[in-house]
Amino acid sequence: MDSILQKIVDNKRREVEACRIAGVYQRLPESTRTSLSFKQALVEGSGIIAEFKRRSPSKGEIHPMADVAKVVKGYSLNGASCCSILTDTPFFGGALSDLAVARQVAEITPLLRKEFIVSIDQIREAAAIGADAVLLIASVLDKNEMRDFTAVAHDLGLEVLCEIHSVEELDRLPLDADMVGINNRNLATFDTDISRSSMIASQLPLSMIKVAESGIKNIAEVKRLRREGYTGFLIGETFMKHNEPAEALKNFLNE
């Protein structure tokens with residue numbers, strides 16, 4: 001595992017263990033809501049997964065004082081099919097409370113818990129807080145964990161976006177995953193190159209919804225990736241670097 005990712009995952013495992021010791025997961029309420037279909041929203045709408053994040057390990061502060069309620073409500077009103085909410089605090093400036101607030105203001109917009117999931121407890125937590133989908137990263141989890149975590153998510157009524165970074169990780173992709181995401185970010189440097197999505201596109205399962213993640217800067221790139229078989233397009237920094245991310249999304253779609 002590459003150095004920046006390793007630091008994030010090591011810290012995440014410590015966080016999860018601390019939560020276990022404190023009894024946080026034992027106090028989680030059972031989710032009673034019916035989840036929204038993330039993949040259906042991608043197919044029927046713009047395909048844009050507009051991401052809320054305040055900073056990143058590569059770029060540092062992007063929009064540190066961003067108001068999650070304002071941004072996510074704006075996203076949902078300006079053409080986003082779905083929203084992605086970063087819940088990692090040390091590296092991305094997010095919080096579980098961001099996901100909870102997003103759920104309140106975007107009642108009919110499917111939400112992805114964008115997190116480095118290393119435990120089933122985090123999936124249960126996502127369902128309890130109001131996520132509709134979770135991210136599972138093949139560079140973080142082995143083949144058995146990817147399979148088992150997908151099953152748990154489905155049992156909880158959540159859809160799963162399984163993320164890979166290379167053809168070599170395809171063998172970790174569960175056959176019942178709802179969506180497969182190609183992260184265009186180099187995990188060693190956190191630099192992005194959207195040609196990664198193009199190179200891997202033809203080798204992805206035909207039956208699975210395909211999502212291009214990171215590095216997308218304009219609608220022309222979305223159109224090209226759509227021709228290559230992608231339905232979803234996860235975009236964060238391109239919107240979040242602006243004072244008004246929702247307005248940036250609106251302008252992006254009108255290019």
**OP:** Filter the range 153-163 for residues that are of a type in the set (A, V, I, L, M) and not in a helix (DSSP H, G or I) and give the result.
**Re:** Leu156, Leu158, Val160, Leu161
**OP:** Could you tell me which numbered condition Ile108 fails, if it satisfies all but one of (1) without any contact (Cβ under 8 Å) to a residue 60 or more places away in the chain; (2) of a type outside the set (S, T, N, Q); (3) surrounded by fewer than 19 Cβ atoms within 10 Å (Cβ to Cβ); (4) in a loop (DSSP other than H, G, I, E, B)?
**Re:** (1)
Original post:
Quick check, is Leu86 hydrophobic (A, V, I, L, M, F, W, C) and in contact with a Gly (Cβ under 6 Å, 6 or more places away or on another chain)?
Top reply: yes
**OP:** Among what's in the range 164-207 and is part of a loop (DSSP other than H, G, I, E, B) and hydroxyl-bearing (Ser, Thr, Tyr), pick the residue that is surrounded by the most Cβ atoms within 10 Å (Cβ to Cβ).
**Re:** Ser166
Original post:
Looking only at the range 132-154, which residues are closer than 24 Å to Ile108 by Cβ and free of Cβ contacts under 8 Å to residues at least 60 places away in the same chain?
Top reply: Val134, Leu135, Ala153, His154
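Could you list, in sequence order, the residues of the range 140-168 that are over 16 Å from the mean Cα position of the chain (by Cα) and modelled with pLDDT of 95 or more?
Asp142, Lys143, Asn144, Glu145, Arg147, Asp148, Ala151, Val152, His154, Asp155, Leu156, Gly157 - these are the residues of the range 140-168 that are over 16 Å from the mean Cα position of the chain (by Cα) and modelled with pLDDT of 95 or more.
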**OP:** Output the qualifying pairs, or none if there are none: Cβ atoms under 9 angstrom, residues six or more apart or on different chains, first residue in the range 240-254 and free of Cβ contacts under 8 Å to residues at least 24 places away in the same chain and β-branched (Val, Ile, Thr), second residue surrounded by 14 or more Cβ atoms within 10 Å (Cβ to Cβ) and part of a helix (DSSP H, G or I).
**Re:** none
Subject >> Any chance Ala138 is of a type in the set (Gly, Ala, Ser) and crowded, with 22+ Cβ neighbours inside 10 Å >> reply: yes
Original post:
Only one residue in Ile48, Ile85 is crowded, with 20+ Cβ neighbours inside 10 Å, without any contact (Cβ under 8 Å) to a residue 60 or more places away in the chain and under 17 Å from the mean Cα position of the chain (by Cα). Which one?
Top reply: Ile85
Original post:
Are there any pairs, at least 6 apart or on different chains, whose C-beta atoms fall under 7 Å, with the first in the range 203-231 and within 13 Å of Ala50 (Cα to Cα) and the second of a type outside the set (Asp, Glu) and in a helix (DSSP H, G or I), and if so, which?
Top reply: Ala212/Ser197; Ala212/Leu225; Ile216/Val222; Ile216/Thr238; Lys217/Thr238
**OP:** Considering each of Ile21, Ile49 in turn, give the residue that is under 16 Å from Lys114 (Cα atoms) and either out of contact with any helix residue (DSSP H, G or I) (no Cβ under 6 Å at 6 or more places or on another chain) or modelled with pLDDT under 95 (or both).
**Re:** Ile49
Original post:
If you take the residues of the range 141-163 that are buried (at least 22 other Cβ atoms within 10 Å of the Cβ) and not acidic (Asp, Glu), which of them is farthest from Arg103 (Cα to Cα)?
Top reply: Met146
Original post:
So which of Ala248, Ala220, Ala212 ends up being within 15 Å of the chain's Cα centre (by Cα), at pLDDT 95 or above and not in a loop (DSSP other than H, G, I, E, B)?
Top reply: Ala212
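Out of the residues in the range 22-65 that are part of a loop (DSSP other than H, G, I, E, B) and among the hydroxyl-bearing types (Ser, Thr, Tyr), state the one that is nearest to Gly215 (Cα to Cα).
Kept after step one, since they are part of a loop (DSSP other than H, G, I, E, B), are these residues of the range 22-65: 23-24, 28-37, 45-47, 53-54, 57-59, 62-65.
Still in the list and also among the hydroxyl-bearing types (Ser, Thr, Tyr): 31-32, 34-35, 37, 46, 58.
Values: Ser31: 34, Thr32: 36, Thr34: 32, Ser35: 29, Ser37: 25, Ser46: 18, Ser58: 12 Å.
If we take residues in the range 22-65 being part of a loop (DSSP other than H, G, I, E, B) and among the hydroxyl-bearing types (Ser, Thr, Tyr), then Ser58 is nearest to Gly215 (Cα to Cα).
The values are calculated or read from the model by the stated rules, or taken from the named source; none is laboratory data. Keep in mind the model is a prediction, meaning the values are calculated, not measured. Because the Cβ atoms are built from the backbone with ideal geometry, glycine has one as well, and the counts that use them run over all protein chains shown.
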